[in-house]
1. If r is the Cβ-Cβ distance from LYS160 to VAL49 and R0 is 35 Å, what FRET efficiency results, to the nearest 0.05?
2. Using a basic spin-label model with each label point 7 Å from the Cα along Cα→Cβ, how many nm lie between ARG307 and SER183?
3. Under 22 Å Cα to Cα from LYS359, which lysines show up? Leave out anything in the same chain fewer than 8 places away.
4. Tell me the per residue accessible area of the stretch 240-285 using a 1.4 Å probe; a whole number in Å² is fine.
5. Averaged per residue, what accessible area in Å² does the stretch 154-210 show with a 1.4 Å probe, protein chains only?
6. Carbon and sulfur together cover what percent of the accessible area of the stretch 244-354 at a 1.4 Å probe radius?
7. Counting DSSP beta bridges with both partners in the chain, what percentage is antiparallel, nearest 5?
8. Kindly express, to the nearest 10 degrees and within the range 0 to 90, the angle between helix 318-330's C-alpha long axis and the longest C-alpha principal axis of the chain.
Amino acid sequence: MTEAWIRGVVEAIHASPIQAVIYLSGGASQAIGWLVSVPGASNTVLESVVPYSRMSMIQLLGKIPSHFVSLQTAEDMALLAYSRALKLSTPGSPVLGVGFTGSLASTRPKLGDHRFHLSTRTSDRLWTSTVTLSKGLRTREQEDALSSQILLKAIANASKVQATFVSDLTESDASNECEKQFSEDQELKQLINGQICFKVYPFSSVSHTSSEERKIILSGSFNPLHEGHLKLMEVAASICGNGYPCFELSAVNADKPPLSVSQIKDRVKQFEEVGKTVIVSNQPFFYKKAELFPGSAFVIGADTAARLINTKYYDGDYGKMIEILMGCKRTGCTFLVGGRNVDGVFKVLEDFDIPEVLKDMFVPIPPEKFRMDISSTDIRESRGL
């Protein structure tokens with residue numbers, strides 16, 4: 001495979017909008033060098049991890065795999081990489097998870113086959129490949145180069161980059177590929193089950209290019225979405241000055257059954273109608289949301305702020321409350337607090353006794369800038385729902 005071909009494919013991948021996390025073990029190492037040596041790599045490669053030791057692989061997977069070099073392990077790695085890419089990517093960008101595990105030629109002869117397994121995962125597609133190499137035909141470096149070429153081709157295909165690929169596989173080698181398409185419903189089921197962390201619906205027409213840009217997140221059930229939500233986000237965005245405004249719907253609730261796929265899709269449709277980006281996550285708690293979206297500004301009502309600092313929600317333990325909220329603070333997250341009716345009384349941030357160590361994490365939204373007493377509950381009741 002010529003250097004010119006490799007560079008051309010890598011340049012095309014970098015020119016595509018795909019953002020990838022790559023997990024490799026046991027081979028294909030040259031592919032990383034090819035990807036990062038061509039300008040524009042930061043557009044594509046969010047993270048590359050090589051879990052080479054057994055313990056490293058176990059910690060990555062969160063379990064001891066039945067076989068370290070297997071198609072299932074490659075699929076598990078790709079799914080983990082995909083979920084990680086979601087967390088690191090620019091909201092709305094197409095993301096790719098890549099998993100590779102191989103057993104190639106080494107210093108001592110192998111009893112088993114020289115083989116590798118490769119998987120790529122996007123929002124709607126899982127592609128897998130198993131290649132068994134003819135023993136003694138190539139050196140370790142040549143096997144690594146071949147597996148790197150096939151990995152690069154897989155990334156190109158997942159990036160929807162057209163690349164002419166002349167295989168260096170021989171008739172004595174064996175290769176098997178498989179592709180599975182995912183529907184939106186299947187992906188949402190994976191989200192509800194915790195297999196992926198969230199799904200972004202980038203309905204906003206405003207483009208955002210920096211993955212480091214701060215997110216301004218308004219979380220809620222949005223049953224239904226109403227003018228108060230939209231106005232609150234507008235005011236919060238003006239206070240922050242910059243950032244990517246997005247609404248966040250949790251498919252999993254702390255004290256209610258998870259939303260069904262049809263419920264999620266119905267609520268998401270509301271955001272499409274008004275052209276606003278929404279993230280569907282599976283985290284009901286703000287300290288977990290802070291881990292998912294570090295550095296974000298969360299837009300909340302005074303009623304939510306009251307619950308955040310109420311020890312009742314921390315097993316009555318004041319120290320536990322401080323510890324959890326300090327964890328949120330360490331992620332760089334802040335809370336923008338708008339006035340809300342609490343038990344029939346309109347309250348603002350200043351009405352609450354925020355612990356001193358947490359005060360700089362809470363930012364008031366002045367009532368003269370935002371006050372709207374409408375709620376989703378009121379709307380449902382008025383509709384007899």
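1. Working: r = 24 Å, r/R0 = 0.70.
Working from the Cβ atoms, E equals 0.90.
2. In this crude spin-label approximation the distance works out to 3.3 nm.
3. The reachable lysines, counting only those whose Cα sits under 22 Å from LYS359, are LYS215, LYS288, LYS289, LYS312, LYS320, LYS329, LYS347, LYS369.
4. Values: 2130 Å² over 46 residues.
Here the residues of the stretch 240-285 average 46 Å² of exposed surface.
5. 62 Å²
6. Details: 2470 of 5160 Å².
Reported share for carbon and sulfur atoms: 48 percent.
7. On the way: 30 of 62 bridges.
Looking only at bridges with both residues in the chain, the antiparallel portion is about 50 percent.
8. Compared with the principal axis, the helix lies near 60 degrees.
The values are calculated or read from the model by the stated rules, or taken from the named source; none is laboratory data. Values in this document were obtained by computation on a predicted structure and should not be read as measured data. Cβ sites come from the backbone with ideal geometry, for glycine too, and all protein chains shown count toward neighbours. Surface accessibility is based on the protein's heavy atoms, side chains included, excluding ligands, DNA and RNA. Shrake-Rupley method; radii C 1.70, N 1.55, O 1.52, S 1.80 Å.
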